[in-house]
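The values are calculated or read from the model by the stated rules, or taken from the named source; none is laboratory data. The shown structure was predicted, so the numbers you read here are calculated from the model rather than taken from an experiment. Virtual Cβ from ideal backbone geometry, glycine too; neighbours counted across all protein chains shown. Each accessible area value is taken on the protein alone, full model and side chains, heavy atoms only, with ligands, DNA and RNA left out. Shrake-Rupley method; radii C 1.70, N 1.55, O 1.52, S 1.80 Å.
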Amino acid sequence: MVVQLPNYILERQQEFNQVLEAYINRINAPQRLKDSMLYSLEAGGKRLRPILMMTSCESYGGNAESVLPTAIALEFVHTYSLIHDDLPAMDDDNYRRGKLTNHKKFDEATAILAGDGLLTHSFTIISTDPTLSNEQKVFLIQKLSEASGPEGMVAGQLLDIQAEKSGVELNELEKIHRLKTGQLIIFAIVSGAYIGGATTKQLEALNKFAGYLGLIFQVQDDILDVTGDPDLIGKPVGSDENNFKSTFPKLLGLEGAKKQKQLYVDKAKEALRHANIKNSLLEEFTDYLSDRSY
């Protein structure tokens, strides 16, 4: 059976969103804090990471529903990072996905605490998932904390800040985004395959594939900041330039960035050939992320 990727993505988004709010409603926290957390969780995200996790699980014969709690935990972590990224001390953004950023909708203190709450509660979700074995819980909590912490996403965020207003080489820019963007994408794909029953060798191939997928996502993000439709991307074009961000188009030029993206696409597909997946959806995602318009 041939699966049309746009329809697949829409179905998975709907499936994910149906269960997401229930996880917030279970939290015994002050209503304003829950409102702030839910505001950013429901701010129109593509749910890319959860869908990649579900797809990866299915690629090894697993059931996508079995990864939903872990996928929700991942989306909590991703959303926390966006709330904190938008703060005045970081990127100082007023809008995300066409809506007021969390600290503009609520206030800075509430936004910080909402991010803190999302991050810490993500590990509660995994540790209390009755469908996971204790061994699986330890594996997933370790991998998520590594991906999101000072050796992963947080490190990338700091390096990204340090690179503002200063030139970086290509290898330095790749390192920033392998950490800042790539680590959560790697976690999504590797953990989904792990729950789906992939072997250690297959997980190693997927780790490499997902690293390139993160770079593809970031290059296209940088390109859209130059050429995209602000109504589609949910923020003014040129925000990276205004914030003195180091980007692929700034380093390589627009055409150079497109060529570099294609190089990552080719390397991603080569890595995927060693992963022995049972369908073509992850390969289709490679092209989808490379060509996306928002």
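The figures follow:
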{"quantity": "Extension gain from LEU263 to LYS278, taking 0.36 nm per residue of separation minus the Cα-Cα distance", "calculated": "2.9 nm"}
{"quantity": "Top positive-direction residue, dipole computed over region 5-291 with Cβ charges, set ALA89, LEU184, ILE112", "calculated": "LEU184"}
{"quantity": "Nonlocal amide H pairs with ARG96, under 5 Å, H built at 1.01 Å", "calculated": "THR101"}
{"quantity": "Label-to-label distance, nm, for residues given as THR124 and GLU164 (7 Å Cα→Cβ offset)", "calculated": "3.2"}
{"quantity": "Helical segments meeting 20 Å axial Cα length and Kyte-Doolittle 1.0 threshold in the chain (DSSP H)", "calculated": "182-196"}
{"quantity": "Residues of the chain: accessible area per residue with a 1.4 Å probe, Å²", "calculated": "46"}
{"quantity": "Cβ charges +1 (Lys, Arg) and -1 (Asp, Glu), total dipole of region 5-291, debye", "calculated": "420"}
{"quantity": "Pairwise label distance in nanometres, GLN13 with ASN63, each label 7 Å out on the Cα-Cβ vector", "calculated": "2.6"}
